[in-house]
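A short worksheet on the structure shown next.
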Amino acid sequence: MHLPHPDPPQVSNLADTMSDGRLRELFLGFIRNVASMHQDIRMQAGDLEIRMMFKDAVLCRVVPYRELMHVQIGDYSGWEIRVRDEEACLDALDMSIRHFLRMFSSSRMRPLRPRTPA
């Protein structure tokens, strides 16, 4: 899924809560990059956060604040990062890509069925 430009109103409204223009651009870029990784990634934008979903599971959750954005990878809070600059944004994107690849890989694996004699 590729987000059209301009961004959907919910995303733009959340971005507007950020006081730093550069961080706002990192936030929008992060959302666009994650959304464009695969056509089956869906975005759910709420009043306070954006959830990126793949196969009905949380890929990542992004919450913008005035001076940072909080990125949680997966369903659990074990992988999270507070983004205040480009380096941290790239780290969060890297973690999101790695998690997506694990999700994608496990969704493609199916148990092998024994062959039945013909």
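FYI, it's all coordinate maths here, none of it is from the lab. The shown structure was predicted, so the numbers you read here are calculated from the model rather than taken from an experiment. Every residue, glycine as well, gets a Cβ built from its backbone with ideal geometry; the counts of neighbours run over all protein chains shown.
The residue that is surrounded by the fewest Cβ atoms within 10 Å (Cβ to Cβ), among those in region 39-68 that are under 28 Å from S107 (Cβ atoms) and in contact with a Phe, Trp or Tyr (Cβ under 7 Å, 6 or more places away or on another chain), is D40. R98 fulfils the conditions (1) over 19 Å from N33 (Cα atoms); (2) exposed (fewer than 13 other Cβ atoms within 10 Å of the Cβ) except for a single criterion, (1).
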